[in-house]
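Report on one structure; see the data block that follows.
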Amino acid sequence: MATIGFIGVGNMGGPMAANLAKAGHAVIVFDPVPAAMERARAAGCAAAASIAETVVGRDAVITMLPSGAEVIAVHAGEGGVLESCAPGALLIDCSTIDVAAARAVAAQAAERGLAMLDAPVSGGVRGAAAATLTFMVGGAAEAVARAGPLLEAMGKTVVHTGASGSGQAAKICNNMILGVSMIAVAEAFALADRLGLDRQVLFDVASRSSGQCWALTTNCPVPGPMPASPANHGYRAGFTAAMMLKDLRLGQQAAGQVGAATPLGAAATALYALFCNGDHGAEDFSAIFRMVGAGSA
Ligand code: NAD
């Protein structure tokens with residue numbers, strides 16, 4: 001069993017750290033929010049008072065932080081992970097951050113002889129609690145193999161995506177598909193409403209035709225066809241519109257850096273920004289139907 005320093009035990013990191021403790025690992029956590037620390041302690045983790053105390057002498061250090069700025073600060077700052085961790089420690093960042101920041105931190109780690117993986121997840125808070133997350137892992141194959149038992153305690157699927165940064169690339173490309181397809185599905189239902197086509201009929205046809213996609217058949221944005229989808233439960237998230245906007249913006253940032261043309265990604269980003277600015281950021285991202293389909297039914 002490993003000793004693991006875990007930094008950032010919020011909505012995702014909290015249950016992930018708890019699952020590592022449940023699997024028998026010694027987990028030492030740090031988070032500036034006292035309630036998050038208390039929850040982790042109740043789940044069997046030990047509390048540390050600083051980043052240095054969290055990581056010193058541990059086999060691995062896992063981070064689950066809001067954005068690239070925090071990941072850089074926690075690793076490269078004074079008393080940070082790179083300065084304080086054991087020489088052979090394996091660093092695994094599970095946050096969703098920009099590709100450039102992921103590559104920059106991994107390069108700084110490599111300068112100190114430390115292996116670092118970018119390992120963002122999909123599956124959300126429910127997947128984190130149930131240990132069914134999917135990890136998209138960028139970095140050296142040997143480090144990915146070392147990380148296997150830890151990732152498997154927190155998830156059920158581990159995909160080695162390639163070199164450093166490729167985990168983040170896979171995550172933002174996937175979520176750009178998701179954001180664009182959710183808006184497409186919402187627009188189709190809005191059009192069907194105006195054409196007098198029953199929503200259930202559209203669902204029955206499209207779910208068995210070439211319009212089939214996750215946004216339609218799992219997270220259907222209109223109430224009715226999929227009883228478990230957030231549309232039937234007041235659009236309670238799920239995956240929030242604010243999270244979708246964050247990931248779409250990361251996609252646009254990356255597209256700008258490499259000169260990729262992503263006009264639909266850009267449009268989806270603008271629409272989710274409008275939606276979130278209208279104070280809907282905490283709703284499930286499928287609630288964008290209420291904006292694109294306004295007045296259709
Ligand atoms: P969160 O805000 O609940 O948790 C982040 C935690 O990091 C907080 O508890 C915060 O106090 C802590 N933190 C911030 N700065 C810190 C620092 N300098 N040192 C130590 N701790 C610090 O966010 P979350 O929902 O757990 O998301 C975490 C990451 O996972 C994000 O990158 C997000 O994009 C990604 N993600 C979230 C979901 C989801 O459904 N919530 C799904 C997939 C991926």
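The values are calculated or read from the model by the stated rules, or taken from the named source; none is laboratory data. The model shown is predicted, which means the values in this text are computed figures rather than measured ones. Every residue, glycine among them, receives a Cβ derived from its backbone with ideal geometry; neighbour counts consider all protein chains shown. Surface accessibility is based on the protein's heavy atoms, side chains included, excluding ligands, DNA and RNA. Shrake-Rupley method; radii C 1.70, N 1.55, O 1.52, S 1.80 Å.
Per-residue extension of 0.36 nm, minus the Cα-Cα distance of Val205 and Thr132, leaves a gain of 23.2 nm for this segment. Going 7 Å from the Cα of Ala26 along its beta-carbon direction, which residues of the range 63-86 have the amide nitrogen within less than 20 Å of the resulting point? Counting backbone N atoms under 20 Å from the label point, the list is 63, 81, 84-86. Pair-distance distribution of the range 21-75: all C-alpha pairs, bin width 10 Å, starting at 0; shares per bin in whole percent are 22, 56, 22, 0. Cβ-Cβ distance of Asn232 and Met1, R₀ of 41 Å, FRET efficiency by 1/(1 + (r/R0)^6): the value works out to about 0.45. Cα centroids of the range 188-231 and the range 151-170: how far apart, whole angstrom? First find each Cα centre; the distance between them is then 31 Å. Determine, at each q value in 0.15, 0.18, 0.26 (inverse angstroms), the log₁₀ of I(q)/I(0) that the Debye formula gives when each Cα of the range 44-101 is one equal point scatterer. For the range 44-101, the Cα-only Debye profile gives -0.42, -0.60, -1.15.
Subtracting the Cα-Cα distance of Leu197 and Thr157 from 0.36 nm times their residue separation leaves 10.5 nm of extension gain.
Alpha-carbon geometry of the range 186-228: the Rg and the Dmax are 9.4, 26 Å, given in that order. Amide H contacts for Val158 (H built 1.01 Å from N in the peptide plane; partners 5 or more residues away or on another chain; cut-off under 5 Å): Phe135.
The stretch between Trp214 and Arg112 holds 32.5 nm of extra length on full extension. This uses 0.36 nm per residue minus the Cα-Cα distance. Counting only protein heavy atoms and a 1.4 Å probe, the chain has 43 square angstrom of accessible area per residue. Report in % the part of the accessible area of the chain that belongs to carbon and sulfur, leaving out ligands and nucleic acids; probe 1.4 Å. On the chain, the fraction of accessible area on carbon and sulfur atoms equals 60 percent. Across the range 223-233, coupling constants 3J(HN,Hα) worked out from phi with the 6.51/-1.76/1.60 Karplus curve, θ = phi - 60°, read x, x, x, 10, x, 7, 6, x, 4, 8, 10 Hz, and Gly and Pro carry x. The mean of 1/r over all pairs of different alpha-carbon atoms in the range 108-218, once inverted, gives a Kirkwood hydrodynamic radius of 16.3 Å. Taking amide H positions as modeled 1.01 Å from N, with prolines and chain starts lacking one, the residues under 5 Å from Ile28 and 5 or more places away or on another chain are Ile4, Gly5, Phe6, Ala46.
Measuring only protein heavy atoms, the 1.4 Å probe finds Lys156 accessible over about 150 Å². Taking only alpha carbon atoms, the chain gives an Rg to Rh ratio of 1.02, where Rh is the Kirkwood radius.
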